[in-house]
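The values are calculated or read from the model by the stated rules, or taken from the named source; none is laboratory data. Not measured: the values here are computed from a predicted model. Using ideal geometry, Cβ is built from the backbone for each residue, glycine included, and neighbour counts are taken over all protein chains shown. These accessible areas exclude ligands, DNA and RNA; they are computed on the full protein's heavy atoms, side chains included. Shrake-Rupley method; radii C 1.70, N 1.55, O 1.52, S 1.80 Å.
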Amino acid sequence: MYYRLATLLFGLLHSVNVFSQAPAIQFQHAMGGSLDDISYDVVVTQDGGYLVAGGSTSSDGDLLKPSEVQHGGNYDFWFAKLDPALNFQWKKHLGGTGSDLASSCLQAPDGGYFIGGSTSSNDVDVSGNHSDDFDFWIVKLFSSGSVQWKKCFGGINYDDFGGMRITPDGGLILAGGSQSNDGDVTGNHGSSDFWLVKTDGSGNIQWQKSYGGIDYEKAADVRVCPDGGYILVGFSESNTGDVTGNHGDYDVWVMKTDVSGNLQWQRSIGGSGYDAANGVVALNDGGFIVCGYSGSNDGDVTGNHGDDDACIFKLDESGTILWSKCMGGLNTDVATGVEAVGDDGFIFSCYSKSTGGDVENNYGLWDYWIVKTDLDGVIQWQNNFGGSLNDVCYAAKPTPDEGFILTGYSESQDVDVSGNHGKKDFWVVKLAGLVGIAETVPAEVKLSVYPQPADNFAFLQIPQDAILNYPQLSIDFFDLAGKKINEQTVTYDPVIKLDCSRWNSGIYFYRLKNNGYTLANGKIVVQ
């Protein structure tokens, strides 16, 4: 088994070109039961593993709820802690007899976790709901997965959770949509508003604000800005109250507040079709990247390929559009989230039914579609993952090994997907990082590693030309999760003796750098 794994990873090392091709699947895990189980978010945890969260209607398979908490097919919060290879470490479900759906997860500064979503329950695990309609529901976990506290936020009408972030003071900023004007909610403008809630680290409300017009608005994502304020994105059909500039139908609506939630500026973005935002990144230069989908091909939107396209917009610090892009093919393509990839560009989680245009392949119905762009929104690589049925991606996050972790749901049991339990399963996919980087490098920096596999010591021989031409050489060593476990400075000796006697058996990786710039990557097998 060990040598089969090593052979597989060796093949990956020689088959992926890091500069132009999408990384390959390293691990995948379909999780759930015989009914519908949908994952909406994943976070990379401090130990190199992952926490994945969503909602489940199943009571069998990976869930095995006791009979007293089988809630008649309604969704419960379901979240699971995974190791770096996507194996379960623990898993939990929480909820009541209503519907409870988790859509965001974060690791807390104390090592625990925040799970955020919506609930219509007010029994079993849920208390404090303001009505029989939906409230925001936030659960704080210890690192073991046991509950530290849980709270409902809202009023007597429909309050629909969108997203949350940890604030610099250790509290939370929550965003979504609210139709209430009582309970925790004040200032509603009519129908549903963007609703922003600031709490302390124990879930106590410090302040809250409603923003919108007389028609329907919902915030889908929120980020903390470099100046301490907040950026919210979602959609709006208003052209009154706080909202101006609507182009017709629903628009992407972006609004910026100060640290106290006071509105600083807002921007309606779109055309005559339906336009909505699902994700935003606040950039160090004060600007923003916004993503979502658009059925327009006029107004602020150009280049639509047909039907809805995934759309991205670059805004400056005052909300002025600097550029916009449509990504997709002839059918429907939706961007569900965006993350910065260091200073190298952006990764977009999408799902797609298309072929043609920017989309090279489709396995049938919806596929996970992952797009990597540079800082100007130019596609560097893209790929779809899935099977012959519906596979919908809701989140893609960079991992420490320069790979990516994806989550959503899958109905498939073929092509890239195995282990489906029936209907929709959480589908978690790890795309290779350092294990997917080709070892083809210039001859002057190509290292020799021996013996392979190593026992107590490994030796890395560096060409003499590399030592002469690159005067600030160093080597970093990583485990399979991408965690750096050692580093060494290269002197004039071309042979480095590496003590790996305390390393567990497995695959490790090295990165040769000169003054921080990567020259070569490779692997070390330890037996």
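A few remarks follow.
- For the stretch 24-68, a residue qualifies if it is surrounded by fewer than 20 Cβ atoms within 10 Å (Cβ to Cβ), of a type in the set (D, E, K, R) and within 22 Å of Gly112 (Cα to Cα), and exactly one does: Asp47.
- Restricting the stretch 110-131 to residues that are part of a loop (DSSP other than H, G, I, E, B) and under 15 Å from Ser202 (Cβ atoms), the residue that is least open to solvent (accessible area, probe 1.4 Å): Gly112
- Identification of strands (runs of 3 or more DSSP E) wholly contained in the stretch 379-425 with 3 or more residues that are open to solvent by 10 Å² or more (accessible area, probe 1.4 Å) and within 26 Å of Ile312 (Cα to Cα) yields 379-385, 391-398.
- Within the stretch 431-456, the set of residues being charged (D, E, K, R) and modelled with pLDDT under 50 comprises just one member, Glu439.
- Qualifying position, being open to solvent by 50 Å² or more (accessible area, probe 1.4 Å) and at pLDDT 95 or above, among Gln107, Gln148, Gln208: Gln148
- Single residue of the stretch 321-345 satisfying the filter (open to solvent by 60 Å² or more (accessible area, probe 1.4 Å) and at pLDDT 95 or above) that is farthest from Ile370 (Cα to Cα): Leu322
- Pairs, first over 28 Å from Tyr216 (Cα atoms) in the stretch 142-162, second among the aliphatic types (A, V, I, L, M), C-beta under 7 Å, six or more apart: Val147/Val139; Val147/Leu141; Gln148/Leu141; Lys150/Ile138; Lys150/Val139
- Test: residue in the stretch 353-361 that is in contact (Cβ under 8 Å) with a residue 40 or more places away in the chain, in a strand (DSSP E or B) and either touching a strand residue (DSSP E or B) at 6+ places or on another chain (Cβ under 6 Å) or of a type outside the set (Val, Ile, Thr) (or both): yes
- Test: residue in the stretch 240-254 that is closer than 18 Å to Pro168 by Cβ, open to solvent by less than 10 Å² (accessible area, probe 1.4 Å), part of a strand (DSSP E or B) and of a type in the set (Phe, Trp, Tyr): no
- Boolean, Lys218 is buried (at least 18 other Cβ atoms within 10 Å of the Cβ), farther than 20 Å from Cys291 by Cα and of a type outside the set (Asp, Glu): no
Rundown of residues vs (1) without any contact (Cβ under 8 Å) to a residue 24 or more places away in the chain; (2) open to solvent by less than 10 Å² (accessible area, probe 1.4 Å), yes/no style:
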| residue | (1), (2) |
| --- | --- |
| Ile475 | no, yes |
| Thr489 | yes, no |
| Leu498 | no, yes |
| Ser505 | no, no |
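- Yes/no for Cys350 being under 23 Å from Val222 (Cα atoms), open to solvent by less than 10 Å² (accessible area, probe 1.4 Å) and outside any loop (DSSP other than H, G, I, E, B): yes
- Considered as a group, the residues in the stretch 290-309 that are closer than 14 Å to Ile269 by Cβ and out of contact with any Gly (no Cβ under 8 Å at 6 or more places or on another chain) include one that is least open to solvent (accessible area, probe 1.4 Å), and that residue is Tyr293.
- Qualifying residue in the stretch 93-102 (condition: part of a strand (DSSP E or B), among the acidic types (Asp, Glu) and either under 20 Å from the mean Cα position of the chain (by Cα) or modelled with pLDDT of 95 or more (or both)): yes
- Breaking point among (1) without any contact (Cβ under 8 Å) to a residue 40 or more places away in the chain; (2) of a type outside the set (A, V, I, L, M); (3) buried (at least 19 other Cβ atoms within 10 Å of the Cβ); (4) not in a loop (DSSP other than H, G, I, E, B), for Gln264: (3)
- Condition met for Gly177 (at positive phi and buried (at least 16 other Cβ atoms within 10 Å of the Cβ)): no
- Selection count, the stretch 83-120, where residues are among the acidic types (Asp, Glu) and under 22 Å from Pro400 (Cα atoms): 2
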